[in-house]
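*Asks:* Before I ask anything, let me first share the structure, which is written out below as structure tokens.
The values are calculated or read from the model by the stated rules, or taken from the named source; none is laboratory data. Keep in mind the model is a prediction, meaning the values are calculated, not measured. Neighbour counts run over all protein chains shown; Cβ positions are idealised from the backbone, glycine included. Surface accessibility is based on the protein's heavy atoms, side chains included, excluding ligands, DNA and RNA. Shrake-Rupley method; radii C 1.70, N 1.55, O 1.52, S 1.80 Å.
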Amino acid sequence: MSNEEMKEQLSMNNDADVNNPQAEIENTDNKELKYQIEEVNDEEEDFEVDEADKQRYDKLNLDQINEEFAKVLENNDLSYIRPRVLRLYDLHQAIYEKELKDISAISDDEQKQKTEELLQTKKDTFDKLWKKYLDRKKLLKNQYLQSLEDNYQKKLDILEQLKNIIDNNEIPLKEAFDHFNKIQEEWKAIGAVPHNKANDLWMRFNHYVDQFYKKVELLKEMIEIDQRKNLEAKIELCEKAESLLMDKSISTKEAYKQVYELFDQWKQIGPVPKDKKDEIWERFQAALDKIKENYRGSIESQKQRRESNLEAKKAIIDKMKQILSEEITTHDLWQKKTSEVQDLFNVWRSIGPVPQEFNESIWKEFKSLVDKFYQDKKEYYEILKSEWQENYNKKLSIVKQAENLVNSNNWKQDTRTIQKLQEEWKKIGFIPSEKNEYLWRRFRAACDQFFANKELYFANLSTQRIENLSKKEAILKELDEFQFNNNPKEDIERLKNIQRQWYEIGDVPYKDRQRIQDAFRQKINQLFDQLKGVRINESNEEFKQRLENILHNNNGIKEAKSELYNINNQIKKLQADIQTWENNLSFFKASANAELLLQEYIKKIDNAKTDLKYLEEKAKYLKQAIDSSEKK
């Protein structure tokens, strides 16, 4: 058949079909044309920041939040920016509210004003970044919407070109086919179009493609080759969609986004052989439907997690109500309860979001309870201000007495006076920390200067102490350079020998005594701690040996009592911590979502109890050894 005969035959088919594509589309039985898949709407998505960023963000202060905010805004991907900005916003609001409450408790008006101004500066910086984010979001969204419209116009132009090829029977068929292939490539290269126009555009394109193939059906071999290529491309898309179902490292949301893109690619591929058309489509549709089902299931799971988070936050609110119902009558108790409230606040922040309809109301309820606690605390300390002023005057008097003794040389009498002033200091009640720190620095400086002068006076009484100091400094250097040889027992014995050498050396100058002993204890303990995992059975023996060495020293009993005092302080702190942690367990039990936190607290308590038992055994043995030495 000649080209002229083909043109005449094709012209009989083109007039009706090409000029009225919508009629054929509406009456089609093409399953692909009728299938719909919803677009991923990021505006309605529940964005989540990955766990590593969450943990890092939760440690940021207001300045660091502003720095992180600025870095995030350097990215041009709105799907990257939005979840991180919202997370930073929530953290900023929570920390800002807390610091406002802390400022209200500052008694010094000048300090309070400075702190308020600094906090406002940080908030102003954050507000500017937030406005910048809103402007960026609007700009990026408008740019994206404009690009969709531009792509839509480009594809309309391609449809017109394709229609012209079909209408024009003067074009040689080979040239028309080449032009058709070029148009297909251009169509695929153009990006997304508005979602509400995409399906109609695709349907029209496929209609024109079908009309073109009707026109060139005399070139059946070329069509079959093209259809086989299309089949291979669609098989590849099926495999990619099915791999998304198998890949457990990809979230259901990400899988849904990717399969949406695959579906868009599917629509850009032309027809396949008729005997494979339904088979390949049903295979691809099965993968699409399963991924859609998984995605909807993840949304439901997310809803259940939010319900669990709601129950956990209700448990925290119940705990806050319990704290508010208790009678708090001492400074130490207020400090303890403040620590508990802060712990509850930190746990609240670690819990994920709740259902949207409860988000604002449950936060307001929790915030009102926290505000009530800090208001009660503020009122309590306002009553104590007069008592604090009296305590301040007492400590100021002690400071002045100590400063008057700095240049005295009546060492025996004034030493007793200084020690008496130190005892009186301990008996005086609470004053605000900033004032207490100021007076304490003056008092400590006066005491230190007095004893430094005394030590300097007696420094020339014995050169032996200076020599002893040099020897002990050499041992400290040896400890700094100590290397383990992978033989724990031998390493322990080497450290014990160093301990024996240390305690065989005599006394050192008074001004260096505490420093050198603290440095030795810190270094030797660090080395023994590194061997802790392999020296459980030797730990008691090592402690007994060290105690025996201490008691053979001139100041042995005094040093042993200091050791016992330190151990007892550690025991008291561990006991208080364990009690606080055990009290905090109750509000975790109300929520299944808090199970992981509950297990972590239980493990923390168990470890603390093990350490407590070990310290109690050391204290018991140490007290017996001291009593035995004092009787000799």
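*Asks:* Give me the dipole magnitude in Debye, nearest 20, for region 158-200 about the Cα centre, with unit charges on the beta carbon: positive for Lys and Arg, negative for Asp and Glu.
*Replies:* For this selection, approximately 180 debye.
*Asks:* Right, something else. Just grab the label-to-label distance for Glu279 and Lys240, each label 7 Å out from Cα along the Cβ direction, in nm (one decimal).
*Replies:* 2.3 nm
*Asks:* Which percent of the accessible area of region 333-449 is formed by carbon and sulfur heavy atoms (probe 1.4 angstrom)?
*Replies:* On the way: 3280 of 6800 Å².
The C+S portion of the solvent-accessible surface of region 333-449 is 48 percent.
*Asks:* Hey, another quick one. Please work out the C-alpha center-to-center distance from region 333-360 to region 61-89 and express it in whole Å.
*Replies:* For region 333-360 versus region 61-89, the Cα centre distance is 23 Å.
*Asks:* Another question about this same structure. Nearest 0.05, what FRET efficiency do Lys372 and Lys426 give at R0 = 25 Å with Cβ-Cβ as r? Don't skip to the end; give the middle numbers.
*Replies:* Values: r = 35 Å, r/R0 = 1.38.
About 0.15, to the nearest 0.05.
*Asks:* Now for a different question. For a quick check of your reading of the filter: which trypsin sites (Lys or Arg not before Pro) in region 147-215 sit in a DSSP loop and have no more than 10 other Cβ atoms within 10 Å?
*Replies:* On the way: sites: Lys154, Lys155, Lys163, Lys174, Lys182, Lys188, Lys197, Arg204, Lys214, Lys215; in loops: none.
For trypsin sites (Lys or Arg not before Pro) across region 147-215 that sit outside H, G, I, E and B with at most 10 neighbouring Cβ atoms in 10 Å, the list is empty.
*Asks:* Quick one: length gained pulling Asn359 to Tyr510 fully straight, 0.36 nm per residue minus the C-alpha distance? Intermediate results must be reported in sequence, preceding the final value.
*Replies:* On the way: separation 151, 0.36 × 151 = 54.36 nm, distance 6.27 nm.
So the extension gain works out to 48.1 nm.
*Asks:* So, one more: Can you give the charge dipole size of region 129-287 about its Cα centre, rounded to the nearest 20 debye, using +1 on the beta carbon of Lys and Arg and -1 on the beta carbon of Asp and Glu? Walk me through the numbers on the way to the answer.
*Replies:* Working: 29 positive and 29 negative charges, 196 e Å.
Taking the Cα centre of region 129-287 as origin, the dipole is about 940 debye.
*Asks:* Report the calculated FRET efficiency for Ser628 and Lys544 (r = Cβ-Cβ distance, R0 = 22 Å), to the nearest 0.05.
*Replies:* Values: r = 13 Å, r/R0 = 0.57.
So, using R0 = 22 Å, E works out to roughly 0.95.
*Asks:* Loop only by DSSP, 16 or fewer other Cβ within 10 Å of the Cβ. Give me the GluC sites (Glu not before Pro) in region 311-407 that pass, ordered by residue number.
*Replies:* Values: sites: Glu311, Glu326, Glu327, Glu340, Glu357, Glu360, Glu365, Glu379, Glu382, Glu387, Glu390, Glu403; in loops: Glu326, Glu327.
Taking region 311-407 and a limit of 16 other Cβ atoms within 10 Å, the loop GluC sites (Glu not before Pro) found are Glu326, Glu327.
*Asks:* Quick one: what are the phi-derived ³J(HN,Hα) couplings along region 178-185, Karplus 6.51/-1.76/1.60 with θ = phi - 60°, whole Hz, x for glycine and proline?
*Replies:* Karplus-based 3J(HN,Hα) across region 178-185 equals 4, 4, 4, 4, 5, 4, 4, 5 Hz.
*Asks:* Sequence-distant or interchain residues sharing an amide H contact under 5 Å with Leu384, placed H: which?
*Replies:* Correct list: empty.
*Asks:* At Arg349 and Asp178, where each label point lies 7 Å from the Cα along Cα→Cβ, what is the point-to-point distance in nanometres?
*Replies:* Each label point is offset 7 Å from its Cα along the Cβ direction, giving 6.8 nm.
*Asks:* Filter the chymotrypsin sites (Phe, Trp or Tyr not before Pro) in region 117-167 to those in DSSP coil with at most 13 other Cβ atoms within 10 Å of their Cβ, and list the result.
*Replies:* Values: sites: Phe126, Trp130, Tyr133, Tyr144, Tyr152; in loops: none.
Those that pass, being in a loop and sparsely packed, number zero.
*Asks:* Computed FRET efficiency, Cβ-Cβ of Lys303 and Gln93, R0 35 Å: what is it to the nearest 0.05? Could you put the intermediate results ahead of the total?
*Replies:* On the way: r = 24 Å, r/R0 = 0.69.
Once rounded, the FRET efficiency stands at 0.90.
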